[in-house]
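A.B. asks: Dropping a structure here in structure tokens format, bear with me for questions.
The values are calculated or read from the model by the stated rules, or taken from the named source; none is laboratory data. Small disclaimer: the values here were computed from a predicted structure and weren't measured. Here the Cβ positions follow ideal geometry from the backbone for every residue, glycine too, while neighbour counts run over all protein chains shown.
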Amino acid sequence: MASLTKKNIKGHDYWYIVESKRINGKPTPIIIQYLGTVNNLLNILQGGSNEFKSYAHGAVTALMKMAQKTGILEIMGQLLPSQTRDGLKREESLLLAAIHRAIQPESKRSFSDWAETTTLPTLIKFNPKEMTSQHFWDQMDGITEQQLRTCEDAITSRIFGMYNFEVEKLILDYTNYYSYIATANEKNALCKRGHNKQKRYDLRQYSLAVVTTKDVLFPMCSHIYEGNINDQSEFPVYLDQIIERVPGFEASKATLVFDGGSNNKDNLARLEKQKIHYICALSLSACKDLYDIALESYEAISLQKQDMLCYRLRREIWGQQRECLLLYSPKLYEGQMREMENNLIKNQARLAELALKVQSENSRIKKDPESIKSRIKNEIKGSHQNELFEITIQGETVVTGFSWKIKQDKKSEIITKYFGKKLLISDHQAWSTQEILETYNNQYLIEKIFKDTKNPHHFAIRPQYHWTDMKMRVHIFCCLIGLILTALLRKELLGHGIVMENDALIDELTKIRECLVFKKTSKNKSGLKIEKHLEMMDDKQARIWKVISSL
């Protein structure tokens, strides 16, 4: 319970709101809020009405309740090295970092100012002023990669036991995050330059692999690795971890869903050797004759109240007979059309620039026909683009200019034959086409997870303000813990008919505030007593809070 106390500092009295916390078995007063001098209190006492101060309460309380329900503090306390700083155990500090990142992803330096606007200090009982960035750095020190992995696996196992999750259909994917770690920084071996999914090829990056299922809805079995390793190379490494770490994993009962980036002959052979079922995308370039199957031969398959055009066959790919599903995707078609038109615009601009150089007398480029033809070919970039241009060159021995036009008939032929078509392969002979498609389409779940981890308002992994490999790993661990707690809270609400996305849920919870009401009293020396009240909630907030209160 909160109470008022004063401290005499250099002959002056200052008043504080304190709550008691046991540290090393002894009750110790913890400062929650600074109120100021006696004049500040007199202003409150002399006012004609009660005074109050409100704090963001809903989000921090909900995440703390989920942490208590799942026993995350207990698990971290058992599996991470024991350490106490500023009255907080290591596991408490990491949970504070996780909650902060889930609600308002900022640097550790900004934690103190943020925490003072919430009721979090009263929930865990700490002095926000002491929560410096150095506090968190100290608490992140001394943790190993294996300890983090063991801790994450124990948390996942605990959650699986509580909610009876199953792992029959696992969705796997990877992403990467750029950093601002300097090129000359040799202390960091995790961040490398590679194919960045946010187009920041100028920066070093690190990669993250996760799996999830339709029931779980949170990232499990996370795997952080160097940013210059491609998905195909990392797939067998991560597959071994999935087999070892995912609770209740049985190869013969599991189906792994992944995109074409992980796909090659050796990876598929490994899945089949270990008798793990799979559904994955495969580039049609591996079997180009399938493009010749006319769209009129596809059948409409009803999927989530929409019809999808599909053609199913069985054929040999990489020495094995596999189930093949040719799909027609309007979304893919539109994307390929945009790409074609954009490439046509860019290529014609480059050709126009080259034509000016050819016509210029001061240009130093070689103007013999073969050299110009080679230059023209290099200027035309993009899939199928060279097939679309008809080039006419003027000059037999010395080129004086050239012109071009788009082959509209060829353009229509390419669009009809290639655009909108996608190939899925699987070893599930007995599954219906609809079941294979429904399972593969669950990939949107992992895309949501990655979208959350890149949401600048909640859960964001980057920007990260750490430069060493292990601190980065601990930072990502905390970010994922915050996302896991939110996903479980969302699942609890789903059970009561409340449907919300993770970010919308945090936004709504943040609006639920708690007030400290200061009232006059003659029962203590300060002449004030403190009462806690929740601000008025709308119907939606009240429904959410009822579920949270029952956790």
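A.B. asks: Between Ile449, Ile436, which is more than 21 Å from the chain's Cα centre (by Cα) and more than 24 Å from Gln541 (Cα to Cα)?
C.D. replies: Exactly one residue qualifies, and that residue is Ile436.
A.B. asks: Right, something else. Would you confirm, using the coordinates I've provided, whether Arg149 is in a helix (DSSP H, G or I) and surrounded by fewer than 22 Cβ atoms within 10 Å (Cβ to Cβ)?
C.D. replies: yes
Condition check ((1) within 26 Å of the chain's Cα centre (by Cα); (2) assigned to a loop (DSSP other than H, G, I, E, B); (3) surrounded by fewer than 17 Cβ atoms within 10 Å (Cβ to Cβ)) across all residues:
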{"position": "Phe235", "(1), (2), (3)": "yes, no, no"}
{"position": "Asp240", "(1), (2), (3)": "yes, no, yes"}
{"position": "Gly248", "(1), (2), (3)": "yes, yes, yes"}
{"position": "Glu272", "(1), (2), (3)": "no, no, yes"}
{"position": "Ser285", "(1), (2), (3)": "no, no, yes"}
{"position": "Leu290", "(1), (2), (3)": "no, no, yes"}
{"position": "Leu309", "(1), (2), (3)": "no, no, no"}
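A.B. asks: Between a residue in the range 366-386 that is of a type in the set (A, V, I, L, M, F, W, C) and any residue that is surrounded by 13 or more Cβ atoms within 10 Å (Cβ to Cβ) and assigned to a helix (DSSP H, G or I), which pairs come within a Cβ distance under 8 Å, given they are 6 or more apart or on different chains?
C.D. replies: Every condition considered, the pairs that remain are Ile372/Val358; Ile376/Leu351; Ile376/Leu354; Ile380/Asn347; Ile380/Arg350; Ile380/Leu351; Ile380/Asn386.
A.B. asks: Related question: On the basis of being under 40 Å from the mean Cα position of the chain (by Cα) and of a type outside the set (D, E, K, R), does Gly401 make the cut?
C.D. replies: The answer is no for Gly401.
A.B. asks: When you scan the range 302-317, do you find a residue that is of a type in the set (Asp, Glu) and in contact with a Ser or Thr (Cβ under 6 Å, 6 or more places away or on another chain), even just one?
C.D. replies: no
Matching residues to (1) in a loop (DSSP other than H, G, I, E, B); (2) touching an Asp or Glu at 6+ places or on another chain (Cβ under 7 Å); (3) at pLDDT 95 or above:
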{"site": "Ile155", "(1), (2), (3)": "no, no, yes"}
{"site": "Gly161", "(1), (2), (3)": "no, no, no"}
{"site": "Val167", "(1), (2), (3)": "yes, no, no"}
{"site": "Thr183", "(1), (2), (3)": "yes, no, no"}
{"site": "Asn188", "(1), (2), (3)": "yes, yes, no"}
{"site": "Gln198", "(1), (2), (3)": "yes, no, no"}
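A.B. asks: Select from the range 292-306 the residues that are loosely packed, with under 11 Cβ neighbours inside 10 Å and either acidic (Asp, Glu) or in contact (Cβ under 8 Å) with a residue 60 or more places away in the chain (or both) and list them in ascending order.
C.D. replies: Result: Asp292, Glu296, Ser302, Gln304.
A.B. asks: Follow-up. Just checking, how many residues over the range 439-484 are of a type in the set (D, E, K, R), under 30 Å from Leu327 (Cα atoms) and buried (at least 17 other Cβ atoms within 10 Å of the Cβ)?
C.D. replies: 1
A.B. asks: Out of the residues in the range 489-521 that are farther than 20 Å from Leu120 by Cβ and touching a strand residue (DSSP E or B) at 6+ places or on another chain (Cβ under 8 Å), state the one that is surrounded by the fewest Cβ atoms within 10 Å (Cβ to Cβ).
C.D. replies: This residue is Thr521.
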